[in-house]
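J.: Here it is, the structure in full.
The values are calculated or read from the model by the stated rules, or taken from the named source; none is laboratory data. On a predicted model such as this, the values are computed, not experimentally measured, just so you know. So basically every Cβ, Gly included, is an ideal-geometry build from the backbone, and we count neighbours across all protein chains shown. Ligands, DNA and RNA are stripped out before the accessible areas are found, and what is left, the full protein with its side chains, is counted by its heavy atoms. Shrake-Rupley method; radii C 1.70, N 1.55, O 1.52, S 1.80 Å.
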Amino acid sequence: MTLPVSVLPHGDEHLPGLVVRAGNLMGYDLTSDVLIPLGYKSRAESIASAPGLKFPLADHLGCRVEDISPLFLDQAGRSGWLRFFGAEIRAIHREVTVRRIAPGTLATCGYHKAAWQIRAFGFDPATGERLISECPVCGTTLGWVRVRDLAFCDRCDRVDDHGFVRSEVDLRDWPQEKVEVEDMEALRFVTSLVDPDPAVRAAYAPALHPDIETDRGSLFEFAISIASAMTQDPKRSVTSVAKPGSREMFDRIEPDVLAKAGRVVLSWPDGFHDLCSQARDSASERSGHYGVKKEIGSLYALTTDRALPPELRAAVRKSVEDDMAMTAVSLPTVRKGSYRNRSDLLTAYEAAKEFGIRPKLFKILAGHPEVRVIRNAGSKNSPMLFERAQIAMIAAQRADMEAASSAAVRLGLPTGAMAELAEAGLVDTVGGPVLMLAVGKEYYTRSSVNRLVDRLESKVLPAVPPCTYIRLTKAVYRLPPGPKPWAGIISRVIDGTIPVHRIDGRLTGTMTSLAAPDFETVVAAVGRHAGSDEARDGLLTHIEASVLLGVTEPMVGRLVLRRLLPVKAKGQVSIARADVFAVARKWMFTNEASRRLGVPNRLVRTTLAKFGVHPKHELRERQQLVFAREEVERVLETVVSTAA
């Protein structure tokens with residue numbers, strides 16, 4: 001029996017959707033009402049799997065058999081597979097009972113596309129609009145039992161003015177966002193493999209590598225297998241690919257994953273090698289320590305995927321073997337010695353034995369970005385391979401490194417002066433991975449410190465020093481407040497500007513055991529403001545501030561407590577360099593006043609009191625006096641002019 005109104009199918013229409021369209025035109029309430037005259041008593045959504053209804057249904061709908069035949073899904077030669085618009089796919093890829101639609105696209109085309117029922121596609125292949133499978137109002141899963149216009153929920157009802165039951169929710173009022181991926185070309189390639197649209201199938205002509213040239217259905221299964229491997233838990237066993245089998249599992253294959261899988265196929269085998277490289281990044285999360293399964297994880301399972309034809313499995317196996325051969329040069333992960341074939345690489349134990357470095361230090365050394373180490377990424381106890389040449393260089397540097405404190409003691413300088421010597425090129429700093437093997441971070445090469453000591457020692461005069469001699473270190477500390485010109489004085493000694501004599505005693509530091517003929521010689525050689533770096537920014541410790549002010553560290557602490565010297569931050573490094581120089585410009589301390597007045601410290605107060613100058617602060621009771629620099633400078637000018 002033919003319906004009064006003919007219903008013509010679209011080339012890419014879903015067969016149950018065609019039946020619903022027919023029932024809606026006839027005003028039926030149930031989809032089964034359309035099929036009962038044909039003697040079909042099964043569920044309406046399964047009609048596509050009943051090829052025996054081709055002729056009766058074509059006659060019933062008033063269309064040609066050749067128009068409706070492509071909408072039926074015949075069984076393929078393999079169990080569990082079917083022919084889907086010219087491509088053989090596994091039946092699990094089709095959604096049967098749930099109606100999935102792209103509302104905005106449906107409003108334009110007016111029929112239900114068969115592509116919407118492919119579970120891996122959560123979007124319309126042509127427009128990219130995401131699919132929905134639930135009513136946005138009542139939340140009920142869309143189905144095929146009741147006949148409503150395809151654009152309506154089959155559960156949300158209302159009674160119209162004439163007493164008829166109508167659908168209340170028009171799904172076309174709920175258009176969805178469109179998917180956005182970076183590689184749309186690769187995504188379209190995957191969808192075109194099984195797209196029912198005749199125009200898309202006719203335009204299908206990708207340029208693929210000869211090793212993977214096969215039918216569209218097999219390539220689609222290949223892309224799904226790759227996407228499944230990409231989304232698989234990296235810790236999971238690699239005996240098989242965890243392919244999706246439920247709606248929830250298919251949901252994890254997002255469009256961007258499909259696009260990446262499509263790009264792997266299109267760029268075979270280079271894309272597969274890139275995928276192997278990414279898999280190696282998570283190799284440490286998988287069980288075991290060595291081997292191809294450890295390195296590339298689930299990708300290796302593609303070689304045994306029975307859903308793929310033999311030629312594709314062989315192509316994967318060949319690419320895996322090629323990738324292992326190519327990466328053997330750089331060894332992206334630790335491999336057994338029999339597979340290493342690299343005499344330039346050493347394990348931590350071998351390197352420790354050869355270069356005399358404790359084995360446990362190699363774990364610390366491996367954390368430096370400049371150390372080239374091969375290990376299983378992410379594994380705390382993974383074996384490591386180091387380059388022999390680099391470890392030999394580090395071992396040589398380690399033998400020649402000396403801590404800043406030790407070098408400063410030998411030279412008779414404060415530790416903070418070492419950085420100045422390095423900037424002046426008098427000593428060489430140590431940097432790089434070797435510092436990972438030491439306590440502290442400021443080291444200098446012992447050989448450069450030895451050379452500097454030798455250069456200073458070579459300048460010692462054999463004559464007896466004059467009675468006015470002054471040790472170089474003492475002369476430096478007598479200079480005005482500010483940075484001490486250690487590098488400048490050493491350079492003047494080396495070039496002969498400052499003649500030096502040796503002073504024997506308990507102080508053995510080079511600069512402490514060397515003396516200039518008198519203080520004036522040092523001042524003339526370096527100048528009163530030599531080495532001034534007042535303009536430099538930064539924070540200082542109390543010790544560094546005391547050096548600049550020419551006072552003791554405890555006195556700096558008392559200046560801070562009296563709020564004469566502000567603190568800018570918490571911790572040891574807390575005093576601004578600019579504030580230190582501001583204090584030096586504003587205040588003068590007892591030691592400087594004593595030196596410039598030419599009187600002992602104990603007479604500074606009484607001497608200045610004669611000129612009406614009194615201390616502004618006493619950091620300790622009647623000790624550590626602080627005078628206004630401007631007032632003392634006026635007294636000094638008076639004293640000088642009177643003496644003249």
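J.: From the P(r) of region 118-214, can you give the percent of Cα pairs sitting at distances over 24 Å?
T.: Working: 2008 of 4656 pairs.
When every Cα pair of region 118-214 is considered, 43 percent fall beyond 24 Å.
J.: To continue, here is another question. Of the listed values [x] 43.5, 137; [y] 26.7, 96; [z] 32.8, 103, grab the one calculated as Rg and Dmax of the Cα atoms in Å from the structure here.
T.: The value matching this structure is [x].
J.: Could you tell me what a quarter of the Cα convex hull surface of region 84-173 works out to, in nm² with one decimal place?
T.: Details: hull surface 26.2 nm².
Computing the convex hull of the Cα atoms and averaging its projections yields 6.6 nm².
J.: Once you have the alpha carbon radius of gyration of region 190-256, what is it after dividing by 2.2 N^0.38 Å, with N set to its residue count?
T.: Values: Rg = 14.0 Å, N = 67, 2.2 N^0.38 = 10.9 Å.
This ratio for region 190-256 stands at 1.29.
J.: Determine the dipole magnitude for the chain: charges of +1 sit on the beta-carbon of Lys and Arg, -1 on that of Asp and Glu, nothing else is charged, the reference point is the Cα centre, and the result goes in debye to the nearest 20.
T.: Working: 85 positive and 78 negative charges, 822 e Å.
Roughly 3940 debye, rounded to the nearest 20.
J.: Order Val96, Val34, Val409, most accessible first, counting only protein heavy atoms with a 1.4 angstrom probe. The partial results should precede the final answer.
T.: On the way: Val96 45, Val34 0, Val409 105 Å².
Sorted descending by solvent-accessible area, the residues read Val409, Val96, Val34.
J.: For Lys610, list the lysines whose Cα falls under 22 Å from its own Cα; do not include residues on the same chain fewer than 8 positions away.
T.: Partners found: Lys586.
J.: Dividing the Cα convex hull volume of region 436-496 by residue count, how many Å³ per residue is that? Display every interim value, and only then the final one.
T.: On the way: hull volume 8.4 nm³, N = 61.
It is 137 Å³ per residue.
J.: Mind checking which aspartates and glutamates have their C-alpha under 15 Å from Lys363, skipping anything on the same chain fewer than 8 residues away?
T.: Reachable aspartates and glutamates: Glu350, Glu387.
J.: Per-residue accessible area for Trp81 at 1.4 Å probe radius, Å² rounded to 10?
T.: Counting only protein heavy atoms, Trp81 exposes about 20 Å² to solvent.
J.: To continue, here is another question. Please compute, for the alpha-carbon atoms of region 579-638, the extent along each of the three principal axes and give them in descending order in Å.
T.: Result for region 579-638: principal-axis Cα extents of 30, 28, 19 Å.
J.: What's the carbon and sulfur percent of the chain's accessible surface, probe 1.4 angstrom, rounded to a whole number?
T.: On the way: 16130 of 31220 Å².
The nonpolar share, carbon plus sulfur, comes to 52 percent.
J.: Then there is this: Whole Å is fine, so just give me how far the alpha carbon centre of region 589-644 lies from that of region 211-243.
T.: What the calculation gives is 89 Å, centre to centre.
J.: Also, I was wondering about something else. Give the angle, between 0 and 90 degrees and rounded to the nearest 10, that separates the Cα long axis of helix 255-266 from the longest principal axis of the Cα atoms of the chain.
T.: 90
J.: Convert each backbone phi in region 75-88 into a coupling constant with the Karplus relation 6.51 cos²θ - 1.76 cosθ + 1.60 (shift: θ = phi - 60°), then list the ³J(HN,Hα) values in order as whole Hz, x for Gly and Pro.
T.: For region 75-88, the Karplus curve yields 6, 8, x, 8, 5, x, 10, 9, 8, 10, 6, x, 10, 8 Hz.
J.: What list of whole percents do you get for P(r) of region 111-155, with Cα-Cα distances grouped in 5 Å bins up to the one holding the largest distance?
T.: 5, 20, 27, 26, 18, 4
J.: Per DSSP H run of at least 4 residues, take -39500 (n - 2.57); add these up for the chain, divide by its residues and hand me the 222 nm value, nearest 500 deg cm²/dmol. Walk me through the numbers before you get to the answer.
T.: Details: 30 runs with 257 residues, N = 644.
Theoretical 222 nm ellipticity from helices: -11000 deg cm²/dmol.
J.: Which whole-angstrom value gives the distance between the alpha carbon centres of region 483-499 and region 61-115?
T.: Centre-to-centre distance over Cα atoms comes out at 91 Å.
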